[in-house]
Amino acid sequence: QRQIHLAKRPEGMPSMENFNFVEADMPTPKDGEVLLKTLYLTVDPYMRGRMRDAKSYVAPFQINEPLNGGVVAEVTESKSSQFNQGDIVIGHLSWEEYTVANEKHLRKIDPNVAPITTHLGILGMPGQTAYFGLLDIGQPKEGETVVVSGAAGAVGSVVGQIAKIKGCRVVGIAGSDDKIDYIKNELGFDEGINYKTQDVYKALKDACPNGIDVYYENVGGEIGDAAISLLNKFARIPVCGAISSYNNKEADLGPRVQTKLIQSSALMKGFVVGDYSDRFNEGAEQLGKWLQEGKLKYEETIVEGFENVPDAFLGLFEGTNVGKQLVKVADP
Ligand code: NDP
């Protein structure tokens, strides 16, 4: 069985050199543990931060050790009274084809309620991030204008749809015409801007004739500056991500439009989804309900094969994904 290790810490954009495939022995579970077969794993932009040797809200990955993250797996052998062979579980697990985990770190998921992959996407961490960042910090009100960057991705696609549910005018910013087509025609966004081919400030000004009340920040940099320049009085900015700077060798500058923040008495607030861990049941329940009612749609870009995990991760920085990027490692 294979594991994926961090071979060395990247400088700038990571590449295949930063990963190492290692053959390892099949692990054996002890009392209270289970042996798991990895079915799906998620690659996420925040993992780039964990490749740095720096203090953050999650511990850095270690060189020559397996990377880890959200995984959906099947129990193939159980030494736990809580799990049976054949159960499907989710946990924060090592990147390996088979792994051992303690029962305390796993949650059983029911494949009959929703596809098992949704627990890594719309019903999981990215969905919760969209839900709490937009509703708790963004506080969108009916008739307001909400702008979201990274709009066709796992978080952004959910943000825009929740803003529509709340009766807002929604404008999404993304990196290809196909993605703009998707957010407008499939997800019901009012307008879309391709930041690679359009002047974002000008296009935003046209798309937001009444200004911007909520800017949900996923990318930072010049896109963030353009949105902040068009804020209305008492606008809110949930600062969720800044993917445009994750591969920078030097720290990026802050927002270069402070005067606009002052003039508009805007609230700009960073957050991590874990801030809301005591409300995850509420988030999962509401997202599940909207999904069932057909008010939320989702897309998953699924790459097949454990050997393609690094590629899938690198693709996040090139925008190869629509919706949640996942890797299918094995069939149940
Ligand atoms: P996505 O599914 O949105 O994938 C990343 C997307 O970012 C790509 O598809 C690409 O789309 C876009 N992108 C890549 N490079 C750039 C760039 N230089 N400028 C603009 N866009 C770029 O990922 P997630 O939905 O998982 O995450 C979105 C953001 O939310 C990230 O910044 C992430 O770090 C953050 N996040 C924060 C959390 C928190 O707790 N605060 C939790 C989860 C995510 P395109 O084709 O449009 O360029």
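The values are calculated or read from the model by the stated rules, or taken from the named source; none is laboratory data. Not measured: the values here are computed from a predicted model. Neighbour counts run over all protein chains shown; Cβ positions are idealised from the backbone, glycine included.
Taking strands (runs of 3 or more DSSP E) as the structural unit, those lying wholly within the stretch 87-144 and holding at least 2 residues that are loosely packed, with under 15 Cβ neighbours inside 10 Å and at pLDDT 95 or above correspond to 106-108.
Remark: Ile162 matches the filter, which requires a residue to be touching a helix residue (DSSP H, G or I) at 6+ places or on another chain (Cβ under 9 Å) and surrounded by 22 or more Cβ atoms within 10 Å (Cβ to Cβ).
Checking each residue in the stretch 173-184 for being among the small types (Gly, Ala, Ser) and outside any strand (DSSP E or B) picks out Gly175, Ser176. For residues that are charged (D, E, K, R) and either closer than 19 Å to Pro115 by Cα or within 15 Å of the ligand (Cβ to nearest atom) (or both), scanning just the stretch 33-44, find the one that is surrounded by the fewest Cβ atoms within 10 Å (Cβ to Cβ). Going through the qualifying residues, I end up with Lys37. When you scan the stretch 271-279, do you find a residue that is at positive phi, in contact (Cβ under 8 Å) with a residue 60 or more places away in the chain and touching a helix residue (DSSP H, G or I) at 6+ places or on another chain (Cβ under 7 Å), even just one? No, there is no match, as no residue in the stretch 271-279 is at positive phi, in contact (Cβ under 8 Å) with a residue 60 or more places away in the chain and touching a helix residue (DSSP H, G or I) at 6+ places or on another chain (Cβ under 7 Å).
What do you reckon, is Glu222 among the acidic types (Asp, Glu), in contact with a Pro (Cβ under 9 Å, 6 or more places away or on another chain) and within 21 Å of Ile262 (Cβ to Cβ)? Against the criterion (among the acidic types (Asp, Glu), in contact with a Pro (Cβ under 9 Å, 6 or more places away or on another chain) and within 21 Å of Ile262 (Cβ to Cβ)), Glu222 does not qualify.
Every test in (1) of a type outside the set (Gly, Ala, Ser); (2) farther than 17 Å from Val159 by Cα; (3) surrounded by 15 or more Cβ atoms within 10 Å (Cβ to Cβ); (4) within 15 Å of the ligand (Cβ to nearest atom) is passed by Leu296 save one, and that test is (2).
Selection within the stretch 184-211: residues that are closer than 19 Å to Lys297 by Cβ and touching a helix residue (DSSP H, G or I) at 6+ places or on another chain (Cβ under 6 Å). The member of this set that is surrounded by the fewest Cβ atoms within 10 Å (Cβ to Cβ) is Gly188. Within the stretch 21-34, can one find any residue that is in contact (Cβ under 8 Å) with a residue 60 or more places away in the chain and in contact with a Pro (Cβ under 7 Å, 6 or more places away or on another chain)? Within the stretch 21-34, not a single residue is in contact (Cβ under 8 Å) with a residue 60 or more places away in the chain and in contact with a Pro (Cβ under 7 Å, 6 or more places away or on another chain).
Being part of a loop (DSSP other than H, G, I, E, B), aliphatic (A, V, I, L, M) and either at pLDDT 95 or above or away from the ligand (no atom under 16 Å from the Cβ) (or both) holds for only one residue in Met26, Met47, and it is Met26. Only one of the numbered conditions (1) surrounded by 22 or more Cβ atoms within 10 Å (Cβ to Cβ); (2) in contact (Cβ under 8 Å) with a residue 60 or more places away in the chain; (3) more than 10 Å from the ligand (Cβ to nearest atom) is not met by Gly224, and that is (3). The lone criterion from (1) of a type in the set (Asp, Glu); (2) within 19 Å of the chain's Cα centre (by Cα); (3) more than 12 Å from the ligand (Cβ to nearest atom) left unmet by Asp275 is number (3). Here Val273 does not qualify as in contact with an Asp or Glu (Cβ under 9 Å, 6 or more places away or on another chain) and buried (at least 16 other Cβ atoms within 10 Å of the Cβ). A single member of Asp199, Asp206 is among the charged types (D, E, K, R) and away from the ligand (no atom under 16 Å from the Cβ), and it is Asp206. Do you know which residues across the stretch 148-167 are more than 14 Å from the ligand (Cβ to nearest atom) and farther than 11 Å from Tyr216 by Cβ? Correct list: Lys164, Ile165, Lys166, Gly167. Residue count for the stretch 185-217, restricted to those that are touching a strand residue (DSSP E or B) at 6+ places or on another chain (Cβ under 8 Å) and in a helix (DSSP H, G or I): 4.
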